[in-house]
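Notes follow the structure.
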Amino acid sequence: MIRKFFSSTAEIPEAPPVPRHIAIIMDGNGRWAKKRLMPRVAGHVQGVERVRDVIKACVERGVEYLTLFAFSSENWRRPPEEVTRLMELFVLALEREVGKLHKNGIRLKIIGDLSRFDDKLRRLIWDGEAMTAGNTKLTLTVAANYGGRWDIMQAVNAWRAAHPRSHEITEAALAEHLSMAYAPEPDLFIRTGGEKRISNFLLWQLAYTELYFTDTLWPDFDGGCLDEAIASYQKRERRFGRTSEQLVQP
Ligand code: IPE
Ligand code: IPE
Ligand code: MG
């Protein structure tokens, strides 16, 4: 396998002015609905609309990878009615949007433990990925039943199955088996909804990602909010362990 991407811990990666990869925890749908005395699911419906806008904004700004946290491995703990509605929404969104993604040159990837999803949803995921596999404008990854710990564990187990006689796994070997091995590490992480935590999202890949937290609730997040996040990212000094002085070209 040809290695296309830098590991932020093994080498010093590029720090592009426009983030090449943005990863977002889309949080605050429930509170958005509650403020309007609506059921939580109304917030999720509105949230799906925002996904469309943010994909478009990313394409316009030259972002190459957009990764969205849609359902965590811990979200099964929610009331069963909400989980059911979320699954229905996921099915609906795939049915409605995959054709449009394809028309717009977007490659769709789903990461997470798909074994808990029903056959219909799994089929839609596989078909959507297959249809869009050759597209190059933007890679849209949706993390569904995803957990950062699950990802690391499945990578270790996959490596062990492939190398039954080896004892010591290397960082590079593990990274190759992570579910997002096809993408560079995120440059910018955004969490909407005001919480300041990672909630078991991309634990490995966020090692040197710039973190951005906003109180804006996901159903209110638009292209302008994305620009604010990118502007904040552009003011950061990405040192990757070095000193400021080392960054100045002689
Ligand atoms: C994020 O919004 C969407 C999912 C986790 C599926 P929430 O539903 O967590 O919204 P809040 O945090 O309750 O407002
Ligand atoms: C994180 O949001 C997961 C998604 C946005 C899909 P949560 O709302 O589930 O996170 P916690 O429970 O507040 O940490
Ligand atoms: Mg939440």
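The values are calculated or read from the model by the stated rules, or taken from the named source; none is laboratory data. The structure displayed is predicted, hence computed values, not measured ones. Cβ coordinates were reconstructed from backbone atoms using ideal geometry, including for glycine residues, and neighbour counts include every protein chain displayed. Only protein heavy atoms, including side chains, enter the accessible area calculation; ligands, DNA and RNA are left aside. Shrake-Rupley method; radii C 1.70, N 1.55, O 1.52, S 1.80 Å.
Counting only protein heavy atoms and using a 1.4 Å probe, the accessible area of Trp150 comes to about 80 Å². Taking K and R as +1 and D and E as -1, what net charge do the other residues with C-beta under 13 Å from the C-beta of Thr67 add up to? Once positives and negatives cancel, what remains is 0. Checking the cross-link filter: which lysines have an alpha carbon closer than 21 Å to that of Lys34, excluding same-chain neighbours under 8 positions apart? Partners within reach: Lys196. Computed from the C-alpha gyration tensor, the three semi-axes of the ellipsoid equivalent to the chain are 28, 24, 18 Å, from longest to shortest. Normalised by the number of residues in segment 81-164, the mean separation of alpha-carbon contacts (under 8 Å, six or more apart) gives a relative contact order of 35 percent. Ligands, DNA and RNA aside, Asp215 has an accessible area near 120 Å² when probed at 1.4 Å. Among Glu11, Glu210, Glu95, the largest mean-square fluctuation in a Gaussian network model of the chain (Cα springs under 10 Å) belongs to Glu11.
Of the listed residues Trp76, Trp204, the order by accessible area with a 1.4 Å probe, largest first, is Trp204, Trp76. Accessible-area rank, largest first, for Phe221, Phe213, Phe240: Phe213, Phe240, Phe221, with all protein chains present and a 1.4 angstrom probe.
Taking each DSSP H run with n ≥ 4 as -39500 (n - 2.57) and averaging over every residue of the chain yields -13500 deg cm²/dmol at 222 nm.
For segment 27-79, the residue among Ala33, Tyr65, His44 whose Cα projects farthest onto the positive side of the dipole built from Cβ charges is Ala33.
Between the residues Met131, Ala144, Val248, the greatest Cα displacement towards the positive end of the dipole of segment 99-250, with unit charges on the Cβ of Lys, Arg, Asp and Glu, is found for Met131. For the pair Val156 and Leu37, a Förster radius of 51 Å applied to the C-beta separation gives a FRET efficiency near 0.65, rounded to the nearest 0.05.
Inter-label distance, Asp113 to Arg197: 1.9 nm, where each label sits 7 Å from its Cα along the C-beta direction. Each other residue within a Cβ distance under 12 Å of Lys120 adds +1 if Lys or Arg and -1 if Asp or Glu, for a net charge of -3.
In this structure the chain gives 54 Å² per residue of accessible area when probed at 1.4 Å with all protein chains present. A 1.4 Å probe over all protein chains sorts Arg239, Arg20, Arg107, Arg116 by accessible area into Arg116, Arg239, Arg20, Arg107, starting with the largest. Solvent exposure of Lys100, expressed as accessible area, is near 90 Å², computed with a probe of 1.4 Å over the protein chains only. To put it simply, the accessible area of segment 115-220 at a 1.4 Å probe is 51 percent carbon and sulfur. Over the chain, Cα pairs under 8 Å with separation of 6+ residues give a relative contact order of 28 percent.
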